[in-house]
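The values are calculated or read from the model by the stated rules, or taken from the named source; none is laboratory data. What you see is a predicted model; the values in this text were computed from it and never measured. We place every Cβ from the backbone using ideal geometry, glycine too, and count neighbours over all the protein chains shown. To get the accessible areas, we keep the full protein, side chains included, count just its heavy atoms, and leave off ligands, DNA and RNA. Shrake-Rupley method; radii C 1.70, N 1.55, O 1.52, S 1.80 Å.
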Amino acid sequence: MEKQITSLPKWFDGEIYNKGEKVTNPFSGESYELTAEELSMYDLIMGAQLLIEENGGIFKKEAFKYQKALRKGLDWFRKVNPKAYMVLLD
């Protein structure tokens, strides 16, 4: 069964990839094949998490914009590909 291509939301401001690839959860070792759009959103989510940590955690004012992107990205991913979300992000 071929995956349906889902467009990225208007608020997305990350890099948009041309190709998808397999991503592995570093904690569980499980992998999932992502579309280009899903990979773009996955990288935005992971980047936002990193920037939140670098800016002192979720309760710091400097990290607020990253928290917003993280939450929106997770919500998008949960709706678009719940199976990949459970493997890679939950």
Angle between the chain longest axis and helix 36-54 axis [Cα atoms, degrees, rounded to 10]: 20
The chain - percent of accessible surface contributed by carbon and sulfur, probe 1.4 Å: 53
Cα centre as origin, Lys/Arg/Asp/Glu Cβ charges: the chain dipole, Debye: 400
Tilt relative to the chain, helix 64-80 - C-alpha long axis, 0 to 90 degrees, to 10: 20
Lys/Arg +1, Asp/Glu -1 at C-beta; the chain dipole; positive extreme among 36, 56, 18: 56
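Out of region 4-47, which chymotrypsin sites (Phe, Trp or Tyr not before Pro) are coil in DSSP terms and have no more than 14 other C-beta atoms within 10 Å? Show your work: numbers first, answer last.
Values: sites: 11, 12, 17, 27, 32, 42; in loops: 11, 12, 17, 27.
For chymotrypsin sites (Phe, Trp or Tyr not before Pro) across region 4-47 that sit outside H, G, I, E and B with at most 14 neighbouring Cβ atoms in 10 Å, the list reads 11, 27.
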Compactness index (Cα Rg / 2.2 N^0.38 Å), the chain: 1.09
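May I ask you to give the solvent-accessible area per residue for the chain, in square angstrom, as obtained with a 1.4 angstrom probe?
Values: 6400 Å² over 90 residues.
That works out to 71 Å² for each residue.
Excluding residue 39 itself, calculate the net charge of residues whose Cβ lies under 11 Å from the Cβ of residue 39, where each Lys or Arg counts +1 and each Asp or Glu counts -1.
Values: positive: 19, 22; negative: 15, 21, 33, 37, 38, 43.
Summing Lys and Arg as +1 and Asp and Glu as -1 gives -4.
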5 angstrom amide H check on residue 34, placed H, neighbours 5+ away: 21, 22, 23
Relative contact order %, the chain, counting alpha carbon pairs below 8 Å whose residues are six or more apart: 27
